[in-house]
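Input: a single structure, listed below in structure tokens.
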Amino acid sequence: MAEKKVRVRFAPSPTGALHIGGVRTALYNYLFARQHGGDLVFRIEDTDSNRFVPGAEEYILESFNWLGIKFDEGVSFGGNYGPYRQSERRDIYKKYVKVLLDSGKAYLAFDTPEELEAKRKEVPNFQYDASTRMAMRNSLTLPEEEVSKLIADGKQYVVRFKIEPNEDVHVNDIIRGDVVINSSILDDKVLYKSADELPTYHLANIVDDHLMEISHVIRGEEWLPSAPLHVLLYRAFGWEDTMPQFAHLPLLLKPEGNGKLSKRDGDRLGFPVFPLEWHDPKTGEVSSGYRESGYLPEAVINFLALLGWNPGNDQEIMSLDELVKLFNLSHCSKAGAKFDYKKGIWFNHEYILRKSDEEIAGLFKPVLEAHGIAVQDYSDAYLTKVVSLVKSRVNFVKELWEQARFFFVAPDTYAEKDVKKRWSADTPRIMGELMDVLRGIEDFTSKPSEDIVIGWITEKGYHMGNVMNAFRLAVVGECKGPHMFDITELLGKEETLARIEKAIQTL
Ligand code: GLU
């Protein structure tokens, strides 16, 4: 038998911001599709109109655009299997509901919510299934004429899947192996509601996976309980030969303690659980996003890729292309993956180091502008050099400001404890001498200046640490920062002298 072409899908419901776990699911689908030369489909599962949130679809698309995860077809991408939005496929689902009804694999149920509620009160652990369905109001128990009359009268009904009891259902999961459950624990799931003429998630999901020729269903662990039902649905339609292979990804767990990662963990510990900032249209609540918090998309991808999978050695830094080569779906772990957000910060630091200084300088510009710096007054070469001197000290681009402020504004205050330690009665005189020495330097670049100044300190027998720290205090405003003569080279002679002069006047 010829191998089926790999076609996978990411199928979010537009019910709000995309959770970071959903991003990981999409990423794994993407990696799997790319490495098999397959297709990645973007499908919108919006059959639950009550939970629809405006803007969610656009948000999800923008998130992947930012992250560089590309889809081959689907909503907003086009393709030959559309429409890709489930709310636009009503007629297709109706047809397949009828197939199940005609073959006796499903039936109509007229029980009202009140009747169902009464049953639940009467029968402990009531479940609509083989043991109870014959005591309910449905097309299996009511005479045919009555069923026709109820429909003609416009009474609302649902279509339920008739699950045969006492059968072991096997889900062959790429990650979890053979998962077996007995069909008796399943209820006769609602597949369709006449009230909104829409199918439920289960029916729409498997009809679409079938029609869109999906080869592998890669999704979060929370969907594992639905998988046996899906297997039975495939069988009811006679589609078991083309049934996709399942892979249920491990849960994302809290950074500390037990249980699954929640938005509250993020709020409590200060990390985003959404790719982009999200403005909830109902509550007005604003939730932080990885993008707005200053994460680089490459860092987020790399971090997420390792939550539930690893390359089998200790390699941690991997580009998207490398991940495509190395990723192995069957090597994903079954056990939940701790969401170590600090590792995410570490990845961001590593990617800042790996990116060119030019690129980081470009990202630094808006930060400078936000701090009132007229960026156009500085050459790209200057900004790039500044970045090269301080970028090893930051985890986020926005933190460059704190490290590099003095390259753009002269200090107007001086760190008190440094002043106490390094600025004594004699210092102004020595700084005055230093100014003369600096004035005399022709090549003001780092190394030559350093040689001359160090030579002068040595010759005079001054205390190296005291002089150099006073010098630094005058130029930077505190006793820290990159190599002193790299700083003065960039600031230039005039600015350096002006700053020392100002410190002598002020301190
Ligand atoms: N619409 C489901 C979700 O929001 C899709 C689940 C699946 O991939 O089958 O995650």
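State whether the residues of segment 365-387 include one that is of a type in the set (S, T, N, Q), touching a residue at least 24 places away in the same chain (Cβ under 8 Å) and either touching a Phe, Trp or Tyr at 6+ places or on another chain (Cβ under 7 Å) or loosely packed, with under 15 Cβ neighbours inside 10 Å (or both). So far as segment 365-387 goes, no, none of its residues is of a type in the set (S, T, N, Q), touching a residue at least 24 places away in the same chain (Cβ under 8 Å) and either touching a Phe, Trp or Tyr at 6+ places or on another chain (Cβ under 7 Å) or loosely packed, with under 15 Cβ neighbours inside 10 Å (or both). Every condition in (1) in contact (Cβ under 8 Å) with a residue 60 or more places away in the chain; (2) away from the ligand (no atom under 14 Å from the Cβ); (3) within 18 Å of the chain's Cα centre (by Cα) is met by Glu58 except one, and the failing one is (1). Can you tell me which of Asp188, Asp196, Asp178 is modelled with pLDDT under 95 and away from the ligand (no atom under 16 Å from the Cβ)? Testing whether each residue is modelled with pLDDT under 95 and away from the ligand (no atom under 16 Å from the Cβ) leaves just Asp196. Taking (1) in a strand (DSSP E or B); (2) away from the ligand (no atom under 16 Å from the Cβ); (3) in contact with a helix residue (DSSP H, G or I) (Cβ under 8 Å, 6 or more places away or on another chain) in turn, Val217 satisfies each apart from (2). The number of residues in segment 31-51 being touching a residue at least 60 places away in the same chain (Cβ under 8 Å) and part of a helix (DSSP H, G or I) comes to 5. I'd like to check something: does segment 81-103 contain any residue that is more than 16 Å from the ligand (Cβ to nearest atom), buried (at least 17 other Cβ atoms within 10 Å of the Cβ) and either within 29 Å of Asn310 (Cβ to Cβ) or modelled with pLDDT under 95 (or both)? No, segment 81-103 contains no residue that is more than 16 Å from the ligand (Cβ to nearest atom), buried (at least 17 other Cβ atoms within 10 Å of the Cβ) and either within 29 Å of Asn310 (Cβ to Cβ) or modelled with pLDDT under 95 (or both). The one condition from (1) surrounded by 22 or more Cβ atoms within 10 Å (Cβ to Cβ); (2) part of a loop (DSSP other than H, G, I, E, B); (3) among the small types (Gly, Ala, Ser) that Ala204 does not meet is (2).
In a residue-by-residue description of segment 5-18, the property of being over 20 Å from Met243 (Cα atoms), touching a Gly at 6+ places or on another chain (Cβ under 8 Å), not polar (S, T, N, Q) and not in a loop (DSSP other than H, G, I, E, B) applies to no position. Among the residues of segment 285-317, those that are under 26 Å from Lys334 (Cα atoms) and part of a loop (DSSP other than H, G, I, E, B) comprise Leu306, Leu307, Gly308, Trp309, Asn310, Pro311, Gly312, Asn313, Asp314, Gln315, Glu316, Ile317.
Restricted to segment 1-46, and to residues that are among the polar types (S, T, N, Q) and more than 30 Å from Glu285 (Cα to Cα), which residue is nearest to the ligand (Cβ to nearest atom)?
First, the residues of segment 1-46 that are among the polar types (S, T, N, Q): 13, 15, 25, 29, 35.
Imposing the further condition that a residue be more than 30 Å from Glu285 (Cα to Cα) reduces the set to 29, 35.
Details: Asn29: 9, Gln35: 20 Å.
By that ranking, first place goes to Asn29.
Residues of segment 75-100 that are free of Cβ contacts under 8 Å to residues at least 40 places away in the same chain and either on the phi < 0 side of the Ramachandran plot or over 26 Å from the mean Cα position of the chain (by Cα) (or both): Val75, Phe77, Asn80, Gly82, Pro83, Glu88, Asp91, Lys95, Lys98.
Matching residues to (1) farther than 19 Å from Asp48 by Cβ; (2) touching a residue at least 40 places away in the same chain (Cβ under 8 Å); (3) touching a strand residue (DSSP E or B) at 6+ places or on another chain (Cβ under 9 Å):
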{"site": "Val180", "(1), (2), (3)": "yes, no, yes"}
{"site": "Val207", "(1), (2), (3)": "no, yes, yes"}
{"site": "Glu222", "(1), (2), (3)": "no, no, yes"}
{"site": "His248", "(1), (2), (3)": "yes, yes, yes"}
{"site": "Leu251", "(1), (2), (3)": "yes, yes, yes"}
{"site": "Asn258", "(1), (2), (3)": "yes, no, no"}
{"site": "Asp265", "(1), (2), (3)": "yes, yes, no"}
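Hey, can you tell me all the residues within segment 330-355 that are more than 19 Å from the chain's Cα centre (by Cα) and either surrounded by 15 or more Cβ atoms within 10 Å (Cβ to Cβ) or closer than 24 Å to Asn395 by Cα (or both)? Result: Leu353, Arg354, Lys355.
The values are calculated or read from the model by the stated rules, or taken from the named source; none is laboratory data. For clarity, every value in this text was computed on a predicted model and none was experimentally measured. Because the Cβ atoms are built from the backbone with ideal geometry, glycine has one as well, and the counts that use them run over all protein chains shown.
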